[in-house]
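Student: Could you have a look at this structure, given as structure tokens, before my questions?
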Protein chains: 2
Amino acid sequence: MLHQFKVTAKSSTSKARAGELQLVHGRIKTPVFMPVGTLGTVKSLSPEELIGAGTQIILGNTYHLYLRPGCQVIDLFSGLHDFMHWKGPILTDSGGFQVFSLAKLSKITEQGFSFQSHIDGSKHLLTPEKSIEVQICLNSDIIMCLDQCIQYPAEKKEAEDALNLTTRWAARCKNTWQEKTGGKNALFGIVQGGMFEDLRKISAQALTELDFSGYALGGLSVGEPNEMMYDVAEYSLPILPENKPKYIMGVGTPKDLVELTARGADMFDCVMPSRNARNGQLFTRYGTINISNAVHKTDKNPIDPECGCCTCLNYSRAYLRHLYMSKELLSYRLNTLHNIHYYIKLMETMRQAVCEDRFEEFQKNFYNDLNQGEKYEKKS
Amino acid sequence: MLHQFKVTAKSSTSKARAGELQLVHGRIKTPVFMPVGTLGTVKSLSPEELIGAGTQIILGNTYHLYLRPGCQVIDLFSGLHDFMHWKGPILTDSGGFQVFSLAKLSKITEQGFSFQSHIDGSKHLLTPEKSIEVQICLNSDIIMCLDQCIQYPAEKKEAEDALNLTTRWAARCKNTWQEKTGGKNALFGIVQGGMFEDLRKISAQALTELDFSGYALGGLSVGEPNEMMYDVAEYSLPILPENKPKYIMGVGTPKDLVELTARGADMFDCVMPSRNARNGQLFTRYGTINISNAVHKTDKNPIDPECGCCTCLNYSRAYLRHLYMSKELLSYRLNTLHNIHYYIKLMETMRQAVCEDRFEEFQKNFYNDLNQGEKYEKKS
């Protein structure tokens, strides 16, 4: 199998673990953060910059790429990698979440999602089979099963129905994947079940029986309190197979990454570092700063003097604020570069801490720095 | 003197020439194209990318930088170079043209321009002295005298009054420059006189008597026919001192650069390569292509297979079209990189042709390629 995972180290004071995941386009070290490249580009950055920031794997959005440029174009390049000039691994989502959140959704049936494009109103049917086929066209290293997302809060009956549909779809996804790829690319199942412990267990068990290359927790970071999300991870992650990568979708803040890694998560993706960068919010070990703040106007210091990203090595807060206030394109780019670098380094630091079995110490330092940031924030 | 110019080669079939201009932040080879970095950034590009494309010198806009971030900020960095992380030479304009075209202009008097900021309506007075002081704060390698621009077409009386005011202001600029810099940074005078040969001669002569480090032709590319612009250059450039650099401001298309280099111009700046890039128009030796054109949708070829820019080396027209249609930030960047590279290489090619005294052959090839482009355009 090309998609092999092994756990290489475990923390003795938490469930945090370090691992290696072999994929078609390369091997990645976990825990890992995957920058989001919605439309075949991590907004504003070049692949070379992503690599420079330590990016190992990126995420592409099936829904967006299916609508634009479409498989007809991507097929010419035998997948997303050559199309966008990214040689490393790519994970693609199933498209289900965007249909749910962006498209005009007309119907969910046993067959799949009927929806209208948010771009031109054209009508489409996204079935489990179709989602896998599109992801195969993208030549995704990690293909995600189509799942049904629900809103928070949701009634138990609704959560149960959605998880059962998700399970039936997962079986169809696996059939299509086996038939069309011979199992070359990895296929992950997605655990649903809302915020209900018994439902999450039912989902996890059913998917485990189907046997996937890895497992994700879906339906988190949808408005629930942080502690509730951590609880779901706490009781869901341990019942998933130990020897498979565990991915928490669409999460989160730096604190979320730390708390969820501590609970045994291996993989994350989130638009937060890139989207917030474009809104002028920059991450540092001492908390976030807003570059539009007037206090930065004459500040010759970098965002973080200890940061080694190209933005911090070459540019001052005063310049970054000027670019941001002037709505210059370079602003989005330099800010994004810094935030992606911050997220990636955070994951690297956690991995190192696991490998050296000092994750507890890492956590203490992480929160110490954040708390010091109270002062820092005011100064910033 | 730190700003020394020498002509190193001349074409025997035209007035084209090659030269070297020593400035405070480095030596540049002419003929040269200067990308425009209005607000302390060539929109979307990093300084490293500019250097990679062969950029020797960039232009900054005094009006814009004076209003935002202002001298208070730039002074902290002892000039624009450190502020924006550009280590090479910078030329700054005087601010006059932007006051004329962007600001709410209340009055032109002997003293200077009274105007209101286009950003916040604040009131300012831009005198010749003030313009030089701001440019000294920017630590510009080449400072431009404040001039009065006029519209096209203009009555002769209006053109004459403007050129006379420009001459009187030039003398005041030179005084301030001598007093405040001791002549360290270069100072260029700007020839005005509209489209009137006798007025251009009067202006050129008056400025020559004042003795500047270099001379510019202002008031071109303001709506006059191309041939008229070439005529003004043809009769104005030869009467300016042979041993000084000659700069045509705000020009132009690739054809303009060729025609004006042939008439003896050494320096150019224009927003065209960067602005048009952001509108999807890309320059090639065979003419321009519009990347939004549907014909590019499935085109795996680069913009120009013979081009060595990072965009052409790594990305297809299909991908560039996808980025452009999706309004992705990377689109503006990859397009700009290509166009700036095209402009810079065009100048390098002309310089080489002058040095090897085959400028006529260069011109023939340039027009041959463009004419072939008729076919190419249709295909594109």
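Student: Give B:Lys6/B:Lys87; A:Lys104/A:Lys255; A:Lys123/A:Lys201; A:Lys6/B:Lys297; A:Lys43/B:Lys297 a once-over and call out the pairs whose C-alpha atoms are over 30 Å from each other.
Tutor: Going by Cα-Cα distance, A:Lys104/A:Lys255; A:Lys123/A:Lys201; A:Lys6/B:Lys297 fall outside the 30 Å limit.
Student: Based on DSSP, what percent of beta bridges with both residues in chain B are antiparallel, to the nearest 5?
Tutor: Beta bridges within chain B, antiparallel portion: roughly 50 percent.
Student: Can you give me the angle between helix B:226-236 and the longest principal axis of chain B, using Cα atoms only, in degrees from 0 to 90, rounded to the nearest 10?
Tutor: Helix B:226-236 sits at roughly 50 degrees to that axis.
Student: Report the residue, chosen from B:Gln56, B:Gln148, B:Gln205, that carries the largest GNM mean-square fluctuation when chain B is represented by alpha-carbon nodes joined by springs under 10 Å.
Tutor: B:Gln205
Student: Short version: ³J(HN,Hα) in whole Hz for each residue of region A:148-165, in order, from phi by Karplus 6.51 cos²θ - 1.76 cosθ + 1.60 (θ = phi - 60°), x for Gly and Pro, what are they?
Tutor: Each residue of region A:148-165 in turn: 9, 8, 10, 7, 10, x, 9, 5, 4, 4, 5, 4, 5, 4, 5, 5, 5, 4 Hz.
Student: Can I ask one more? Calculate how many DSSP beta bridges within the protein assembly as shown are antiparallel, expressed in % of all such bridges and rounded to the nearest 5.
Tutor: Restricted to the protein assembly as shown, the bridges split so that about 50 percent are antiparallel.
Student: Enumerate the residues in region A:139-164 having an amide nitrogen under 18 Å from the point lying 7 Å beyond the Cα of A:Arg275 toward its Cβ.
Tutor: A:149-153
Student: Could you work out the local net charge near A:Gln56, counting Lys and Arg as +1, Asp and Glu as -1, over the other residues with Cβ closer than 15 Å to its Cβ?
Tutor: Overall, the nearby charge balance is -2.
Student: Shape call for region A:108-223 from the C-alpha gyration tensor, a ≥ b ≥ c root eigenvalues: rounded (a/c under 1.5), prolate (a/b greater than b/c) or oblate?
Tutor: Judged from the Cα gyration tensor, region A:108-223 comes out oblate (a/c at least 1.5, b/c at or above a/b).
Student: B:Lys10 accessible area, nearest 10 Å², 1.4 Å probe?
Tutor: Solvent-accessible area, nearest 10 Å²: 120 Å².
Student: Taking every residue in B:40-47, how many Cβ atoms of other protein chains lie within 10 Å of its Cβ, on average?
Tutor: Counting other chains' Cβ atoms within 10 Å and averaging over B:40-47 gives 5.
Student: With chain A treated as a Gaussian network of Cα nodes joined by springs under 10 Å, which of A:Leu329, A:Leu125, A:Leu337 yields the largest mean-square fluctuation?
Tutor: Among A:Leu329, A:Leu125, A:Leu337, the largest mean-square fluctuation in the Gaussian network model of chain A belongs to A:Leu329.
Student: Test of understanding: express the Cα radius of gyration of region A:281-378 as a ratio to 2.2 N^0.38 Å, with N the residue count.
Tutor: 1.15
Student: Still on this structure, I have one more. Placing unit charges on C-beta atoms (Lys and Arg positive, Asp and Glu negative, everything else neutral), compute the dipole magnitude of region B:197-282 about its Cα centre in debye, rounded to 20.
Tutor: So the dipole magnitude of region B:197-282 works out to roughly 380 debye.
Student: Now a separate question. In the Gaussian network model of chain B, springs joining C-alpha atoms below 10 Å, which of B:His118, B:His64, B:His25 carries the largest mean-square fluctuation?
Tutor: Sorting by GNM fluctuation, first place goes to B:His118.
Student: Hey, if we sort B:Thr62, B:Thr288, B:Thr13 by accessible area with the 1.4 Å probe, largest down, what's the order?
Tutor: In descending accessible area the options line up as B:Thr13, B:Thr288, B:Thr62.
Student: Residues of chain A: accessible area per residue at 1.4 Å, in Å²?
Tutor: That works out to 38 Å² for each residue.
Student: Right, another one. Starting from the 7 Å offset along Cα-to-Cβ, what nm value, one decimal, do you get for the label separation of A:Lys255 and B:Asn290?
Tutor: About 5.1 nm, to one decimal.
Student: Can you list residues from other chains, or at least 5 along the same chain, whose modelled amide H is less than 5 Å from the amide H of B:Gly40?
Tutor: B:Asn61
Student: Tell me the accessible surface of B:Ser78 in square angstrom (1.4 angstrom probe, heavy atoms of protein chains only), to the nearest ten.
Tutor: Counting only protein heavy atoms, the figure is 90 Å².
Student: Can you work out the Karplus-derived ³J(HN,Hα) for every residue in region A:272-284? Use 6.51 cos²θ - 1.76 cosθ + 1.60 with θ = phi - 60°, whole Hz, and x for glycine or proline.
Tutor: 3, x, 7, 5, 5, 4, 5, 9, x, 9, 10, 8, 9
Student: Tally Lys and Arg at +1 and Asp and Glu at -1 over the other residues with C-beta under 13 Å from the C-beta of A:Lys297: what net charge comes out?
Tutor: For residues surrounding A:Lys297, the net value is +2.
Student: Multiply the residue gap between A:Gln72 and A:Asn243 by 0.36 nm, knock off their C-alpha separation, and tell me the result in nm, one decimal place.
Tutor: 57.9 nm
Student: In addition: Any chance you could list the semi-axes, whole Å, largest first, of the equivalent ellipsoid that the Cα gyration tensor gives for the protein assembly as shown, using √(5λ)?
Tutor: 57, 29, 21
Student: Moving on to the next point. Please tell me the relative contact order of chain B in percent, rounded to the nearest whole number, where contacts are Cα pairs under 8 Å and at least six residues apart.
Tutor: It comes to 18 percent, rounded to a whole number.
Student: Placing +1 on the Cβ of each Lys and Arg and -1 on the Cβ of each Asp and Glu in region A:4-270, which of A:Leu126, A:Tyr230, A:Gly194 has its Cα farthest towards the positive end of the resulting dipole?
Tutor: Result: A:Leu126.
Student: Measure nothing fancy, just the Cα-based angle from helix B:359-379's long axis to the longest principal axis of chain B, in degrees from 0 to 90, nearest 10.
Tutor: Orientation of helix B:359-379: about 50 degrees from the principal axis.
Student: Can you give the accessible area of A:Tyr235 in Å² (nearest 10), computed on protein heavy atoms with a 1.4 Å probe?
Tutor: It works out to around 40 Å².
Student: Here's something else I'd like to know. Could you sort A:Lys104, A:Lys174 by accessible area so the largest value comes first, with the probe set to 1.4 Å?
Tutor: Ranked list, largest accessible area first: A:Lys104, A:Lys174.
Student: Taking a ≥ b ≥ c as the square roots of the eigenvalues of the Cα gyration tensor of region A:98-175, is the shape rounded (a/c under 1.5), prolate (a/b larger than b/c) or oblate?
Tutor: Since a/c reaches 1.5 but b/c is at least a/b, the shape of region A:98-175 is classed as oblate.
Student: Counting only protein heavy atoms and using a 1.4 Å probe, what share of the accessible area of the protein assembly as shown belongs to carbon plus sulfur, as a whole percent?
Tutor: Within the protein assembly as shown, the accessible surface is 49 percent carbon and sulfur.
Student: Name the residues whose placed amide hydrogens come within less than 5 Å of the amide hydrogen of A:Thr284, ignoring near sequence neighbours (fewer than 5 apart) on the same chain.
Tutor: The answer is A:Ile289.
Student: Now, a different point. Helix-only mean residue ellipticity at 222 nm, chain A, DSSP H runs n ≥ 4 weighted -39,500 (n - 2.57), per residue, nearest 500. What is it?
Tutor: Calculated from helices alone, the mean residue ellipticity at 222 nm is -13500 deg cm²/dmol.
Student: Set the Förster radius R0 to 51 Å, insert the Cβ-Cβ distance between A:Glu48 and B:Asp198 as r into 1/(1 + (r/R0)^6), and round the FRET efficiency to 0.05.
Tutor: Calculated value: 0.40.
Student: Checking buried surface per residue: for region A:71-93, which residues lose a minimum of 10 Å² accessible area in the protein assembly relative to the chain alone (1.4 Å probe)?
Tutor: So the qualifying set is A:Gln72, A:Val73, A:Leu76, A:Phe77, A:Phe83, A:Met84, A:His85.
Student: Hey, could you get me the Stokes-Einstein D for chain B, Kirkwood radius over alpha-carbon pairs, 37 °C and 0.692 mPa s, rounded to whole µm² s⁻¹?
Tutor: In µm²/s, the coefficient is 155.
Student: Taking the Cβ of A:Glu110 as the centre, find all other residues whose Cβ is under 15 Å away and add up their charges (Lys, Arg: +1; Asp, Glu: -1).
Tutor: +1
Student: Here's something else I'd like to know. In region A:302-329, what residues drop by 50 Å² or more of accessible area when the other protein chains are put back, versus the chain on its own? Use 1.4 Å, and skip ligands and nucleic acids.
Tutor: Residues shielded by partner chains are A:Asn314, A:Tyr315, A:Tyr319, A:His322, A:Glu328, A:Leu329.
Student: Moving on. Would you grab the residues whose amide H sits under 5 Å from the one on B:Val32? Only those 5+ places off in sequence or on another chain, please, with H modelled 1.01 Å from N.
Tutor: Hits under the 5 Å cutoff: B:Met267, B:Phe268.
Student: Be a star and scan region A:160-190 for residues whose amide nitrogen sits under 19 Å from the point 7 Å along the Cα-to-Cβ vector of A:Glu224.
Tutor: Within reach of a label on A:Glu224, which here means backbone N under 19 Å from a point 7 Å along Cα→Cβ, region A:160-190 contributes A:160-167, A:189-190.
Student: Right, another one. Whole-Hz ³J(HN,Hα) for each residue in region B:132-138, computed from phi via Karplus 6.51 cos²θ - 1.76 cosθ + 1.60 with θ = phi - 60°, x for glycine and proline: what do you get?
Tutor: Ordered by residue, 3J(HN,Hα) equals 5, 4, 5, 5, 5, 4, 6 Hz.
Student: To the nearest Å, what is the center-to-center distance of region A:68-130 and region A:140-200, using C-alpha atoms only?
Tutor: With region A:68-130 and region A:140-200 each reduced to a Cα centre, they are spaced 16 Å.
Student: Let me ask another. With a 1.4 Å probe, how much accessible area is buried between chains B and A, both sides summed, in Å² to the nearest hundred?
Tutor: By this definition, chains B and A bury close to 3300 Å².
The values are calculated or read from the model by the stated rules, or taken from the named source; none is laboratory data. What you see is a predicted model, and the numbers here were worked out from it, not measured in a lab. Note that we place each Cβ from the backbone using ideal geometry, even for glycine, and neighbour counts take in every protein chain shown. Heads up: the accessible areas ignore ligands, DNA and RNA and are worked out on the full protein's heavy atoms, side chains in. Shrake-Rupley method; radii C 1.70, N 1.55, O 1.52, S 1.80 Å.
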